[in-house]
Amino acid sequence: MARSVKFTKVEGLADLADAVEKLKGKVSGDEVRRVLMRGAFVIRDEAKARVPVDTGKLKESIIATYGKKDPDDLNVLVGVKYGKGGAPHAHLVEFGTSKMQPRRFFRPAVTAKKNETGEIIAEGLRKLIEGKK
């Protein structure tokens, strides 16, 4: 069974979530998803820059992907692919074990880039509202 880390809420972006809901009738879900994905790429890239590298498998497994393709569920996911070809040890690196100190990379990436991500998404949504794609 594939597992992933899912961030559904970034602190300080509640107003942005409301704006996304209001946009649903004005622009297509695909347009909004593309904007959200631009923000997801920022966090994904930061996590890849911070991850400790041994074999490179964990770094390769950090992904940004579209969530459910549902008009009422506009989301993107940033996380670690755990299934086939993934990195099932990601949580052990991030949180540590009784024999290994944590080597955090994901949470610090989100913290470092949440403002930039919010700005990218807000700007993208503003352009959608104004009709500039």
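Here are the numbers for this structure:
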| quantity | calculated |
| --- | --- |
| Breaking point among (1) in contact with an Asp or Glu (Cβ under 7 Å, 6 or more places away or on another chain); (2) more than 27 Å from GLY29 (Cα to Cα); (3) surrounded by fewer than 18 Cβ atoms within 10 Å (Cβ to Cβ), for LYS57 | (1) |
| One residue from LYS133, LYS84, LYS68 being modelled with pLDDT under 90, part of a loop (DSSP other than H, G, I, E, B) and touching an Asp or Glu at 6+ places or on another chain (Cβ under 8 Å) | LYS133 |
| Count of the stretch 2-48 residues which are at pLDDT below 75 and assigned to a helix (DSSP H, G or I) | 10 |
| Unique match (being among the β-branched types (Val, Ile, Thr), within 25 Å of ASN115 (Cα to Cα) and in contact with a Ser or Thr (Cβ under 6 Å, 6 or more places away or on another chain)) among VAL51, VAL42, VAL27 | VAL42 |
| Filtered residues of the stretch 49-65 (kept if part of a loop (DSSP other than H, G, I, E, B) and in contact with a Lys or Arg (Cβ under 6 Å, 6 or more places away or on another chain)) | VAL51, PRO52, VAL53, SER61 |
| Count of the stretch 97-119 residues which are assigned to a loop (DSSP other than H, G, I, E, B) and closer than 18 Å to LYS48 by Cα | 4 |
| Some residue of the stretch 94-109 being under 30 Å from SER28 (Cβ atoms) and at pLDDT 95 or above | yes |
| Residue within the stretch 69-86 that is of a type in the set (Ser, Thr, Tyr), surrounded by fewer than 20 Cβ atoms within 10 Å (Cβ to Cβ), farther than 28 Å from SER28 by Cα and free of Cβ contacts under 8 Å to residues at least 24 places away in the same chain present | no |
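The values are calculated or read from the model by the stated rules, or taken from the named source; none is laboratory data. Note that this is a predicted model, so its numbers are computed, not measured. Heads up, the Cβs are rebuilt from the backbone with ideal geometry, glycines too, and the neighbour counts pull from every protein chain shown.
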